[in-house]
Amino acid sequence: MTVSRPLHLAAEIGGRPQYDAGYYTGLALLAERGTLDFITLDDSFARPGPDAPAVLARVAPDTGRIGLVPAVTTTHTEPFHVSSAVATLDWVSRGRAGWSPAVSETAAEAALFGRRDAAPRADLWHEAGEVADVAARLWDSWDDDAEIRDVATGRFIDRDRLHYTDFTGRTFSVRGPAIVPRPPQGHPVTVVDGTGAAAREAAVRHADVVLVRADDPLTARTFREEIRNRAAAHGRSPDQLRVLVSLPVELHTGADAVGLARLIADWYEQDAADGFHLLPADVERDLPLIVDGTVPVLQHHCLLRRFYPGATLREHLGLARPAGRYAQNPGGRP
């Protein structure tokens, strides 16, 4: 069994909040041993526990290849701070960062900040799309070669290679430039759960990876075709977009793990998706079975790679590194 396009595999490692960094590092290293493209770590203002971007920034130096994708709530959070946090994760992981925009809908969460009332989901996802837009502009606000470190003249930055974003959205404006140099990937990978209609509009405009939930291959394939077509209508290349099906999994035995591999293979061969984002019911029980039971079967059938093809998350996913939109001469001086 040989396929012409790579299968992408990711897993969520959240669950009950843990305050031991070693817990999350252990799960990330396990997923890395299984050559998964990336792990996600969910987060929200509605639950106790450590901040997901901070947790994965702690995990980054102890891992070498696995992509790191925290949920980042864009409601009540300054877009400038969102951009800086994700760029910092990309730097400390040496190009393995992504982020998953999330919204905060409840009055209780709004009361934690006291700045404004809770808003309808459609409005919040419109704002999340604007945050994704301005975050990308801020990442581009430093040209790749803006940091010159010229000891002779004492100049650290070439100010001609910094740019204002001058972004004005519906609920915020950002002037820029960023305070963090352009990230190693140019743009860290944006992962959006596009299952809901409001989130899907943001996804087709801004996501590199779109997650969808579906109960059968036909529904998943229909989602994938719709997302690719709508992205193309916005002037984006569908081939620079990955659509992964989010699958809840509950594994108890090696036979369950083999069964999951067969299901993944069956859906994948029906062009249902570019890959799968696995949602373990119990990550401490299920992830080892995925890595040691499901992954070897997929590799045996040549559906899943046995090594990482590059160093960055974009390279794992086969996505190009975007050029800076403000740079007159991307990649070098005139």
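The values are calculated or read from the model by the stated rules, or taken from the named source; none is laboratory data. Small disclaimer: the values here were computed from a predicted structure and weren't measured. Heads up, the Cβs are rebuilt from the backbone with ideal geometry, glycines too, and the neighbour counts pull from every protein chain shown. The protein model used for the area step is the full one, side chains on, heavy atoms only, and it has no ligands, DNA or RNA in it. Shrake-Rupley method; radii C 1.70, N 1.55, O 1.52, S 1.80 Å.
One chain, two ends: Arg285 and Ile157. Fully extended at 0.36 nm per residue, the span grows by 41.2 nm beyond their Cα-Cα distance.
Quote the charge dipole size of the chain about the Cα centre in Debye, to the nearest 20; the model charges only the Cβ of Lys and Arg (+1) and of Asp and Glu (-1). So the magnitude is around 780 debye. What is the magnitude of the charge dipole of the stretch 211-258 about its Cα centre, with +1 placed on the Cβ of each Lys and Arg, -1 on the Cβ of each Asp and Glu, and no other charges, expressed in debye to the nearest 20? Charge dipole of the stretch 211-258: 360 debye, to the nearest 20.
Working note: Cα gyration tensor of the stretch 59-174, eigenvalues times five, square-rooted, sorted largest first, giving semi-axes of 31, 20, 11 Å. Relative to the longest principal axis of the Cα atoms of the chain, the long axis of helix 79-92 lies at roughly 70 degrees.
Once the chain from Gln240 to Thr253 is taken as fully extended at 0.36 nm per residue, the excess over their C-alpha distance is 1.0 nm. Alpha-carbon geometry of the stretch 40-100: the Rg and the Dmax are 11.1, 33 Å, given in that order. Ligands, DNA and RNA left out, the accessible area of the stretch 192-280 computed with a 1.4 Å probe is 48% carbon and sulfur. Shown here for the stretch 264-334: trypsin sites (Lys or Arg not before Pro) in loop regions (DSSP other than H, G, I, E, B) with at most 12 other Cβ atoms within 10 Å, namely Arg306.
Using all pairs of distinct alpha-carbon atoms, the Kirkwood hydrodynamic radius of the chain works out to 20.6 angstrom. Accessible surface calculations at 1.4 Å, restricted to protein heavy atoms, place the stretch 58-178 at 46 Å² per residue. If you wrap the stretch 1-128 in the convex hull of its Cα atoms and look at it from every side, the mean projected area works out to 9.6 nm². FRET efficiency for the pair Arg306 and Ala197, taken as 1/(1 + (r/R0)^6) with r the Cβ-Cβ distance and R0 = 41 Å, rounds to 0.60.
Principal semi-axes of the equivalent ellipsoid, √(5λ) from the alpha carbon gyration tensor of the stretch 191-334, are 31, 20, 13 Å from largest down. Look at the dipole of the chain built from charges on Cβ: of Val55, Gly154, Thr294, the Cα furthest out on the positive end belongs to Gly154. Residues with beta-carbon under 14 Å from that of Gly194, excluding Gly194: net charge, scoring Lys, Arg +1 and Asp, Glu -1? Computed value for this residue: +3.
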